[in-house]
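Heads up, the thing below is written out as structure tokens.
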Amino acid sequence: MSTAPPGPTVLDVPDGPLNVLVTKTLTLPDVSPADEAAIRDAAGPGAVVNIVDRVRDGVPLAADAQVILGIVPEWLFDAAPNLRWIHATASGVDMFMYPKFLASDVVLTGEKGLVGSHLADHAFGLLLALVRRIATAVKLGPEGWDNDLREQMRYSELELEGLTMGILGFGGTGRHIARRAAAFGMQVQAMDLYPVPPGEGVETVGGPESLRDIVATSDVLAVGLPLTADTRSMFDDEMFALMPDGAILLNVTRGEIIDGPSLERALAEGRIGGAALDVAPVEPLPADSPLWGFDNCVMTPHTAGASQHRARRNLERFCRNLVALREGRPLEGVVDKQTGF
């Protein structure tokens, strides 16, 4: 495993006008005339810019594309022999990690570092819904005014101030979660696979060797890791056994990092205090999943990635990268294809 983040990525300056294909996606549902004008301006004189409503609509236009903004499944990649660079409209890029792409020289950039703010907002919304019993109260409706039920909620509510937040993965999402945790008066500790600077209330960021210690000493454990071969199902029975009594698992990145049966056992056997999840081990989560039946498990259906600012931020980065490509400067948001993030 690499111990340092990848260096700057600079592509060769194109010989002639660029050919750019833009595919609308869930996180880029619309490209306004102003957006299109900004892309054309950034792509430079004589550039060809094609914008399609669906990824499949891009296949007939892919043969000449040098740059694609959007999602590129293997069948679109096969149709784009001149492709040099993809800018993803997704924060997690595990869907790009098929063998043909990994073996190619095509560069991948994306939203790396841009989505942390709204993911962290959502994470704390879920956490508060759980520890302040907001989800329970909403579910109960008027029945919540029953004195016995009110007392049950009051006696089980937790205050975040003074608790320890452990963050696994101190990238954009992890840093924004840390900032919010510090504002709530929590003690914050973090680890990352790469050496990264501390900040946002975290004095020292541990390496992979600190993983087990952070898991064992955190009242709330936030997963901010990408999905890779190393992180898939990493949270298993052994990891849950390390968590302190009453600890809470918080995950808004990738559900497959958590082993589903292990999570179910941890909740059923009371090994952890609860789970706050925007992502599930299997998506969509089946209606007969035991996770739906736990009062101490609050979930949203993979909606944390939404923000009124998301598409604009990524389009602005894409345009900056188009200019950087033409000027021979490093690109922003480069993904290391070997590590998957």
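The values are calculated or read from the model by the stated rules, or taken from the named source; none is laboratory data. Nothing here was measured: the structure is a model prediction, and the numbers come from that model. No Cβ is skipped: glycine too gets one built from the backbone with ideal geometry, and neighbour counts run over all protein chains shown. Each accessible area value is taken on the protein alone, full model and side chains, heavy atoms only, with ligands, DNA and RNA left out. Shrake-Rupley method; radii C 1.70, N 1.55, O 1.52, S 1.80 Å.
The residue pairs whose first member lies in the stretch 197-209 and is open to solvent by less than 20 Å² (accessible area, probe 1.4 Å), whose second member is in a helix (DSSP H, G or I), and whose beta carbons are closer than 6 Å, counting only pairs six or more residues apart or on different chains, are VAL202/ALA178. Quickly run through the stretch 178-219 and pick out the residues that are assigned to a loop (DSSP other than H, G, I, E, B), over 14 Å from ALA247 (Cβ atoms) and of a type in the set (Ser, Thr, Tyr). Once the filter is applied, which keeps residues that are assigned to a loop (DSSP other than H, G, I, E, B), over 14 Å from ALA247 (Cβ atoms) and of a type in the set (Ser, Thr, Tyr), the stretch 178-219 yields TYR194, THR204.
Any residue that is touching a residue at least 12 places away in the same chain (Cβ under 8 Å), within 20 Å of LEU119 (Cβ to Cβ) and of a type in the set (Lys, Arg) - is there at least one of those in the stretch 297-310? Yes, the stretch 297-310 contains at least one residue that is touching a residue at least 12 places away in the same chain (Cβ under 8 Å), within 20 Å of LEU119 (Cβ to Cβ) and of a type in the set (Lys, Arg).
For ASP15, the conditions (1) farther than 30 Å from ALA120 by Cβ; (2) among the charged types (D, E, K, R); (3) in contact with a Pro (Cβ under 9 Å, 6 or more places away or on another chain) are fulfilled apart from (3). Within the stretch 165-177, being more than 15 Å from LEU126 (Cα to Cα) and either outside any helix (DSSP H, G or I) or open to solvent by less than 10 Å² (accessible area, probe 1.4 Å) (or both) holds for GLY166, ILE167, LEU168, GLY169, PHE170, GLY171, GLY174.
Of the listed requirements (1) closer than 21 Å to ASP213 by Cβ; (2) surrounded by fewer than 22 Cβ atoms within 10 Å (Cβ to Cβ), GLY270 misses just one: (1). Among the residues of the stretch 98-121, those identified as of a type outside the set (Asp, Glu), within 15 Å of the chain's Cα centre (by Cα) and in a loop (DSSP other than H, G, I, E, B) are GLY110, LYS112, GLY113, LEU114, VAL115. Checked against the criterion of being of a type in the set (D, E, K, R), surrounded by fewer than 22 Cβ atoms within 10 Å (Cβ to Cβ) and in contact with a strand residue (DSSP E or B) (Cβ under 7 Å, 6 or more places away or on another chain), the candidates ASP213, ASP219 yield just one match: ASP219. Candidates in the stretch 286-317 are the residues that are under 16 Å from LEU130 (Cβ atoms) and part of a loop (DSSP other than H, G, I, E, B); of these, the one that is most open to solvent (accessible area, probe 1.4 Å) is ASP295.
Considering only the stretch 273-285, state which residues are in a loop (DSSP other than H, G, I, E, B) and either closer than 24 Å to HIS176 by Cα or open to solvent by less than 10 Å² (accessible area, probe 1.4 Å) (or both). Break it down stepwise before answering.
Initial filter on the stretch 273-285 (in a loop (DSSP other than H, G, I, E, B)): 273, 278-285.
If the condition is that a residue be in a loop (DSSP other than H, G, I, E, B) and either closer than 24 Å to HIS176 by Cα or open to solvent by less than 10 Å² (accessible area, probe 1.4 Å) (or both), then GLY273, ASP278, VAL279, ALA280, PRO281 are the ones that fit.
Only one entry in ARG254, ARG265, ARG320 is open to solvent by 10 Å² or more (accessible area, probe 1.4 Å), in contact with a Lys or Arg (Cβ under 9 Å, 6 or more places away or on another chain) and modelled with pLDDT of 95 or more, namely ARG265. If GLY246 satisfies all but one of (1) loosely packed, with under 15 Cβ neighbours inside 10 Å; (2) over 19 Å from LEU126 (Cα atoms); (3) not aliphatic (A, V, I, L, M), what's the number of the condition it fails? Every condition holds for GLY246 apart from (2). When each of PRO244, PRO261 is tested for being over 14 Å from the mean Cα position of the chain (by Cα), assigned to a loop (DSSP other than H, G, I, E, B) and more than 14 Å from THR173 (Cβ to Cβ), the lone residue that passes is PRO244.
Considered as a group, the residues in the stretch 222-241 that are out of contact with any Ser or Thr (no Cβ under 9 Å at 6 or more places or on another chain) and in a loop (DSSP other than H, G, I, E, B) include one that is least open to solvent (accessible area, probe 1.4 Å), and that residue is THR231. Could you give every pair whose Cβ atoms fall below 8 Å, whose first residue belongs to the stretch 141-166 and is closer than 25 Å to ALA182 by Cα and hydroxyl-bearing (Ser, Thr, Tyr), and whose second residue is open to solvent by less than 60 Å² (accessible area, probe 1.4 Å) and assigned to a loop (DSSP other than H, G, I, E, B), counting only separations of at least 6 or pairs across chains? Taking only residues 6 or more apart or on different chains, the pairs are SER156/ARG133; THR164/MET186; THR164/SER218; THR164/ASP219.
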